[in-house]
Amino acid sequence: MSIYTQMHDKYGSPTHVAEFRLFNLNDCFKTCESCFYKRSGNQIIDYAQISTFAAELSSNGYQLETCYLLPTDFFENSENLKLLEREDIQAVVNQFLYLGVACTLEGETDFTKFKEIINKLQIKEVEVQINLIMEKLYQDEYYREIRNNVSKLRSALDGKCVFNIAINLGQPLSPKELERIEFFVHNISDDGIIEINFTFLYNDLIPKKIKSKKLRNSLKSMSQIGKMYNSVEGPYNERTLLRKPAFIFKGSSCHLCPILPFDEYVFINNENYQLKKANFIEFLSTFATIEKLNEPTFDECEECTNLKTCHGKGYFMAVKEFELPCFLEASYE
Ligand code: SF4
Ligand code: SF4
């Protein structure tokens, strides 16, 4: 059962749930396909302000769901662990139910220190996103390595963790790749879903035209993935940009992200989506600004039964920014 389904069961309709994505991890030497993340120089300037913002969201009725530390492999170097020992970062993380970390779980891993730190935090669970290394996808040894590390980490944290499979999209996936990804999801992911990352959106050196092309390719792959995994929850669920906002923190900036069907967030590096300051009033003000960009784009939208959800997620913002087609069109191509 996915975290979201659990959250839904626990808190009812997923109204007012928020997540933070903090880009503060560095130095990754892994080889995940289609990784365009900046792997060094990631930092957050003002954790105190982020902590205050989290508290403000909470006092305004938002359940703080997951705080992710991104974008590199969390277990790749000890500096990431040191970050998590910092009081100002713990002050943010401790307000959330889940700490989210991305990793590859390759090789020999030692989770002793991580366990110590997690046990001191007040979070409920760690969400571990395992990025698949596509070039090793068909190696049995790679699969066994991940399985072993999952068991090791689960036992170190006394089961206080949930594992997901993640891939970077941007390129079309072959039927063979889809089949093997399904195998990993089926055997490793606790919630049976796959997390999609659009790493290219975070890279300022990639021209918008290329980003647009990669997103279109991603939509096609997502609709194929969705057919396989999303039998419990359809892409057109009730989560909206206002009810479940995701905030991306990079340097001193804070961005609000529209959602694609299947609930993947789209980072748009443009001032309309950037909060002037990370606080609740600016969140509402930014939301109001981008809502004006959220007009239904296609003739079919008016009569479409998905209009409410497409609109609620801010899908039309992404459509305008990246010249995307209707999601249904991408599904049936
Ligand atoms: S996706 Fe993350 S873990 Fe993989 S290479 Fe890129 S930064 Fe490293
Ligand atoms: S599914 Fe397509 S036609 Fe329907 S509202 Fe969304 S974008 Fe418009």
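Bear in mind that the values in this text are calculations on the coordinates, not laboratory data. Note that the structure is predicted; figures quoted are calculated from it, not measured. Don't worry about glycine lacking a Cβ; one is built from the backbone with ideal geometry, like all the others, and counts go over all protein chains shown.
Miscellaneous remarks
- Spatially, region 176-220 and region 274-314 are offset by 23 Å when compared through their Cα centroids.
- Each eigenvalue of the Cα gyration tensor of region 16-57, multiplied by 5 and square-rooted, gives one semi-axis; in descending order these are 27, 14, 6 Å.
- Signed unit charges on C-beta, dipole axis of the chain, positive-most listed residue LEU328, ASN272, ILE118: ASN272
- Under 21 Å from the Cα of LYS276 - lysines, other chains or at least 8 residues apart: LYS244, LYS250, LYS292
- Here the label points at HIS186 and ASN279, each 7 Å from Cα along the C-beta direction, are separated by 5.3 nm in the simple model.
- In region 132-249, Rg over Rh equals 0.99, where Rg is the alpha-carbon radius of gyration and Rh the Kirkwood radius from pairwise Cα distances.
- Taking every alpha-carbon pair under 8 Å whose residues sit at least 6 apart, region 3-332 reaches a relative contact order of 18 percent.
- Residue (of GLN171, CYS257, ASN203) at the positive-pole extreme of the chain, dipole from beta-carbon charges: ASN203
- A straight Cα-to-Cα reach below 18 Å connects LYS277 with the aspartates and glutamates GLU19, ASP46, GLU56, residues fewer than 8 places away in its own chain not being considered.
- Estimated FRET transfer efficiency when R0 is 35 angstrom, pair ASN203-SER58 (beta carbons, to 0.05): 0.60
- Using 0.36 nm per residue and subtracting the Cα-Cα separation, the extra length available between ASN119 and GLU329 on full extension is 70.9 nm.
- Local net charge near GLY314, Cβ-Cβ under 13 Å (Lys/Arg +1, Asp/Glu -1): +2
- Between ARG147 and THR305, the C-beta separation translates, for a Förster distance of 45 Å, into a calculated FRET efficiency of about 0.60.
- GLN171-ASN270 pseudo-label distance in nm [points 7 Å out on the Cα-to-Cβ vector]: 2.8
- Across every pair of non-identical alpha carbons in the chain, the mean reciprocal distance, once inverted, gives a Kirkwood radius of 20.2 Å.
- The modelled label-to-label distance between GLU238 and GLU179, using points 7 Å beyond Cα along the C-beta direction, is 3.9 nm.
- Of LYS30/LYS136; LYS120/LYS160; LYS113/LYS136; LYS214/LYS308; LYS214/LYS320; LYS82/LYS124, those spanning more than 18 Å from alpha-carbon to alpha-carbon: LYS113/LYS136; LYS214/LYS308; LYS82/LYS124
- What you get for the chain, charging only the Cβ of Lys and Arg (+1) and of Asp and Glu (-1), is a dipole of about 360 debye around the Cα centre.
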